[in-house]
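Asks: One structure, pasted below without further comment.
The values are calculated or read from the model by the stated rules, or taken from the named source; none is laboratory data. These figures come from a predicted structure and were not determined experimentally. So basically every Cβ, Gly included, is an ideal-geometry build from the backbone, and we count neighbours across all protein chains shown. Surface areas here come from the heavy atoms of the whole protein model, side chains and all, with no ligands, DNA or RNA. Shrake-Rupley method; radii C 1.70, N 1.55, O 1.52, S 1.80 Å.
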Amino acid sequence: MFRQFQANGGGQLLDHSEGPAMAFHEFYRDDFRPRDHYLAMWEHIQGIGQQGLARKARDAQLALHNEGVTFTLYSGKDKGIERVWPLDILPRIIPAREWQPIEAGLKQRVCALNLFLKDLYHGQQILKDGVVPPELIYRGKDLCREIMDVDPPGDIYLHISGVDLIRDEDGRYLVLEDNLRTPSGVSYMIENRVIQRRLLPELFSNYRVRRVEHYPEHLLQALRYLSPRGPDAAVVVVLTPGLFNAAYFEHSFLAREMGVELAEGRDLVCKNDKVYLKTTLGLRQVDVIYRRIDDEYLDPLVFRADSVLGAAGLINAWRAGNVALVNAPGTGIADDKAVYAYVPDIIRYYLGETPILPSVPTYQMTDHQDRTYVLDNMEKMVIKAVAESGGYGMLMGPDSTAAQRDQFAKKIVAAPRHYIAQPVVQISRHLCYLDAELESRHLDLRPFCIYGRDIEVVPGGLTRVAMRRGSLVVNSSQGGGSKDTWVLAD
Amino acid sequence: MRYHIQRACRMRFSVPAREHHVQIRLAPSHDQDQSVIRVLLDVAPKTHAARAYDGFGNLAHHFAILAAHEELSFEIEAEVETRHANPFDFDLVPSAHELDWIAERLRQSPRLWDLVLHRSAMTPELPQEIAGQTVPVLREGRQLIDQVQDLMRWMRGLIAYRPAEAEPALALVSALEGGAGSAGDLAHLLIAVARQWQVPARFVSGYLDAAYFDPDSSADLDALPQRQHHWAEVLIPGSGWTGFDPALGLLADATYVRVAVGRDAQDTAAIKQSCRGDGIAPEVDDRLSVSRLSLS
């Protein structure tokens, strides 16, 4: 189906999107008219025309290249190659009335999951009360025994989180998964905004878009709040695995924007249960470490003995209360995909509230009935490895071959706790400008939350777009693109 | 019984090491079966040593030498009183109710699930048969404590205790294939079977009365230098954690001094260290002396 746009001094704009049936279309209503909050944008891009849009798309790529906004692909023929961050120049717009329940729902979820972690690593009342099965937790790969009974500063584990949201066929926002370890993407959210504002200044002036650029400032404030020596004396560092990490751009970006040191493990040393940064002026005590390395590499004395990415003695310093680790170790068990199915119960248990954001129905492969159903209906399911992220270890049933399904079935039977299954949700679509054409693509949204003195949800987030037509895989590490996300003020 | 324990360790590096961090689990634990009277730790070069409890409640000491050094030594000296005189002295839970008793403990203390569910290369899922012998299954009508003793007897035909082996193998299969292993390997096998029975079982590292190493004593052992010993504990209904030493075929009593417990030997590692240097492991001289001070 083709829809012709009014062209204004720059050639015709043709929309190659398929009809909005099935998946919810965020841009179009069912009658192919743009939704009300997109009318101004619709008029604006018509005014710019084909050539104008093509020029702006080129400018965006050039700006991203010049700014060094890159990421690394982890799969496919370009595996390991650093690429310029793909940004679609047409923004996603979320009206205030839509954002309010998202914000409230995310705060509720993060608050409950933080209480869950505190309980799991202390009294485990939720397990004693049978709300979450202990077997599920103790079969999980990411329960961190080493931090049992440790009190992190302020009882906060989940300082930074990114919760992936999708919209179902009816346009309802659902939580797809929680990212509670070291979620990435926030730097791309900010760069997208900076470039978008530069490219479409007139369009910006037509909307009251809430800011996201203040994120580093708010992050620093939250990190300082955790400092054992008080916020004013806080020395904060960003701990990176180094230059070859796929998210190194983001690590250096955040350190630069916050005005703090970017450190590698070898730059830190622990002494008498305190952590120090090696500087040309001698050792300088560190109060807060925003670490972007996984738990198992943090401290060779406690976790992997062969790790050179962390610093020996870090966990003892944290346990002694002399340094804050952000996020706290051990948060991975709360975003285990098998635990995800229990999050509504976790919210009800700790907060006594009804979950604001619904979850996608999830089948536990440890449950005989669920497993039988899934094995009989694999072509209708998304099957996910519980401890993987970034779209890895996943089977998209409708796109899979019989051989792939057979392989996954064997894996499920061999290790049922390692997998969950969900029905395929036709996630929403949006209009994108791709290769000089307007096309519809599926997308999701990763808003970011900061937990310091309070829980704050950044008004916006990273909209990830599946670049291949019909694909539901939006992960950047698997070739997904992005859109700037405009949350509108009241 | 009261014991004096002295453990001295000296490491020599071929090239000076720096930023040397050491964590040790060598001090006896203070719990319902034993009381620690004193613990002294001396480190050279001089440095501050701190103590902390790990996720299994084990006491660990840690210290660091940042400056370059060719030698590091430490000595831990402890006095401990053990009380667990007779492991059979408890009120039996009728065998028909033993599994209910365990289920209730699991409900009250979910952390026990770790000691039922954990599988590793050291405590793997076992096949129905090993070396042509059927792995025992839990039987109705017989007390669990008796079944674990039966299990110890069964194990002796499978892995012969080799006292010269100080540490358990990284994978139980190598001890099973070789037909011989350390005390730790035997403990791992016992734990693996108990967990197949859905009974909580844990690995213990500790010290043994010097009399076990005396060739004139009743125990059937060659004279060997004393070293850390390993055994298993099983949660026995009515009694609680009960030590089983498959290496010696005994139940642990007051002659066993507990240091650390965990899912397997990885959790109870006596010495963990990390340093910057040439990557070549240091030459280590490790000495232990356990002397009985009194019977009461």
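Asks: What residues have an amide H closer than 5 Å to that of A:Leu90, excluding those fewer than 5 places away on the same chain, when H is modeled at 1.01 Å from N in the peptide plane?
Replies: Those lying under 5 Å, H to H, from A:Leu90 are A:Tyr433.
Asks: Scaled to the compact-protein estimate 2.2 N^0.38 Å, what is the alpha-carbon radius of gyration of the protein assembly as shown, rounded to two decimal places?
Replies: 1.08
Asks: Partner chain Cβ atoms within 10 Å, averaged over the residues of A:300-307 - can you pull that number for me? All intermediate terms of the calculation are to be shown ahead of the outcome.
Replies: On the way: counts 5, 9, 7, 0, 0, 4, 1, 1.
Going residue by residue through A:300-307 and averaging, the value is 3.
Asks: Between A and B, buried accessible area summed over both sides at probe 1.4 Å, in Å² to the nearest 100?
Replies: 2300 Å²
Asks: Whenever you get a sec, compute what percent of the accessible area on the stretch B:1-77 sits on carbon and sulfur atoms (1.4 Å probe).
Replies: C and S atoms contribute 49 percent here.
Asks: With a 1.4 Å probe and all protein chains kept in place, how much accessible area does B:Leu99 have, in Å² rounded to the nearest 10?
Replies: My reading of the accessible area for B:Leu99 is about 100 Å².
Asks: Additional query: In what order, largest first, do A:Glu264, B:Glu98, A:Glu67 sit by accessible area if the probe radius is 1.4 Å?
Replies: Result, largest first: A:Glu67, A:Glu264, B:Glu98.
Asks: From the square roots a ≥ b ≥ c of the eigenvalues of the alpha-carbon gyration tensor of the stretch B:95-267, which class results: rounded (a/c under 1.5), prolate (a/b over b/c), or oblate?
Replies: Judged from the Cα gyration tensor, the stretch B:95-267 comes out prolate (a/c at least 1.5, a/b above b/c).
Asks: Moving on. Apply the a/c threshold of 1.5 to the C-alpha gyration tensor of the stretch A:437-490 and tell me whether it is rounded, prolate or oblate.
Replies: Oblate is the answer for the stretch A:437-490, as a/c is 1.5 or above yet b/c matches or exceeds a/b.
Asks: Got a sec to turn the phi values of the stretch A:222-232 into Karplus ³J(HN,Hα) couplings, 6.51 cos²θ - 1.76 cosθ + 1.60 with θ = phi - 60°, whole Hz, x for Gly and Pro?
Replies: 5, 5, 4, 4, 7, 4, x, 9, x, x, 6
Asks: Compute, for chain B, the length of the dipole vector about the Cα centre, with Cβ point charges of +1 (Lys, Arg) and -1 (Asp, Glu) only. Units Debye, rounded to 20.
Replies: Rounded to the nearest 20 debye, it is 620 debye.
Asks: Output wanted: per-residue J couplings in Hz (rounded whole) for the stretch A:345-362, from phi through Karplus 6.51 cos²θ - 1.76 cosθ + 1.60, θ = phi - 60°, x for Gly and Pro.
Replies: Ordered by residue, 3J(HN,Hα) equals 5, 5, 4, 4, 5, 8, 10, x, 10, 7, x, 7, 9, x, 10, 7, x, 10 Hz.
Asks: Considering only protein heavy atoms, what is the solvent-accessible area of B:Thr242 at a probe of 1.4 Å, reported in Å² to the nearest 10?
Replies: My reading of the accessible area for B:Thr242 is about 0 Å².
Asks: Still on this structure, I have one more. From a point 7 Å beyond the Cα of A:Asp151 in the direction of its Cβ, which residues of the stretch A:109-144 have a backbone N at a distance under 20 Å?
Replies: A:114-126
Asks: Using a 1.4 angstrom probe with every protein chain in place, what is the largest-first accessible-area order of A:Leu62, A:Leu117?
Replies: Greatest to least solvent exposure: A:Leu62, A:Leu117.
Asks: Provide A:Tyr373, A:Tyr340 ordered by accessible surface of protein heavy atoms (probe 1.4 Å), highest first.
Replies: On the way: A:Tyr373 100, A:Tyr340 10 Å².
Sorted descending by solvent-accessible area, the residues read A:Tyr373, A:Tyr340.
Asks: Using the basic label-point model (7 angstrom from Cα toward the beta carbon), what is the B:Ser35 to B:Arg2 distance in nanometres?
Replies: Inter-label distance under the simple model: 1.1 nm.
Asks: Is the stretch A:363-423 rounded, prolate or oblate when judged by the Cα gyration tensor, a ≥ b ≥ c being the square roots of its eigenvalues, rounded requiring a/c under 1.5 and prolate requiring a/b larger than b/c?
Replies: Details: a/c = 1.42, a/b = 1.07, b/c = 1.33.
Cα axes put the stretch A:363-423 in the rounded bin.
Asks: Can you give the charge dipole size of the protein assembly as shown about its Cα centre, rounded to the nearest 20 debye, using +1 on the beta carbon of Lys and Arg and -1 on the beta carbon of Asp and Glu?
Replies: Approximately 1740 debye in magnitude.
Asks: In a Debye calculation with equal point scatterers on the alpha-carbon sites of the stretch B:101-168 and no solvent, what is log10 I(q)/I(0) at q = 0.20, 0.26 Å⁻¹?
Replies: After summing over all Cα pairs, the log10 values are -1.16, -1.27.
Asks: Given R₀ = 41 Å, what would the calculated FRET efficiency be for B:Glu283 paired with A:Val413, taking r from the Cβ atoms and rounding to 0.05?
Replies: FRET efficiency, B:Glu283 to A:Val413: 0.25.
Asks: Only counting protein heavy atoms at a 1.4 Å probe, give the residues of the stretch B:1-30, ordered by number, whose accessible area falls by 40 Å² or more when the other protein chains are present relative to the chain alone.
Replies: The answer is B:Glu19, B:His21, B:Gln23 - residues whose exposure falls by at least 40 Å² when every protein chain is included.
Asks: In sequence order, what are the phi-derived ³J(HN,Hα) couplings for the stretch B:226-243 according to the Karplus relation 6.51 cos²θ - 1.76 cosθ + 1.60 with θ = phi - 60°, rounded to whole Hz, with x for glycine and proline?
Replies: 5, 7, 4, 10, 10, 8, 10, 10, 10, 7, 9, x, x, 10, x, 5, 10, x
Asks: Could you do me a favour and compute the accessible area per residue for the stretch A:283-397, 1.4 Å probe, result in Å²?
Replies: Details: 3980 Å² over 115 residues.
About 35 Å² of surface per residue is accessible.
Asks: May I ask you to give the percent of accessible area on the stretch A:338-490 that is carbon plus sulfur, with a probe radius of 1.4 Å? Walk me through the numbers on the way to the answer.
Replies: On the way: 2840 of 5940 Å².
About 48 percent, which is the carbon plus sulfur part of the accessible surface.
Asks: I'd like the accessible area for B:Thr134: 1.4 Å probe, protein heavy atoms, all chains in place, Å² to the nearest 10.
Replies: About 90 Å², ignoring ligands and nucleic acids.
Asks: Using amide H atoms built 1.01 Å from N in the peptide plane, name the residues 5+ places from A:Val360, or on other chains, whose amide H lies under 5 Å from its own.
Replies: Under 5 Å from the amide H of A:Val360 lie the amide H atoms of A:Val175, each far enough along the sequence or on another chain.
Asks: Another question, if that's okay. Using a 1.4 angstrom probe, figure out how much accessible area chain B has per residue, in square angstrom, rounded to the nearest whole.
Replies: Working: 12920 Å² over 296 residues.
Here the residues of chain B average 44 Å² of exposed surface.
Asks: Which value in nm describes the separation of the simple spin-label points at A:Arg256 and A:Leu243, placed 7 Å from the Cα toward the beta carbon?
Replies: Going from the A:Arg256 label point to the A:Leu243 one covers 1.5 nm.
Asks: Now for a different question. Pop out a list of residues from the stretch B:70-118 that are at least 30 Å² less accessible with all the protein chains around than in their chain alone; 1.4 Å probe, no ligands or nucleic acids counted.
Replies: B:Arg107, B:Pro110, B:Arg111, B:Trp113, B:Asp114, B:Leu117
Asks: Can you tell me the convex hull volume per residue for chain B, based on C-alpha atoms, in Å³ to the nearest whole number? Working shown, then result.
Replies: Numbers: hull volume 39.9 nm³, N = 296.
Expressed per residue, the convex hull around the Cα atoms of chain B is 135 Å³.
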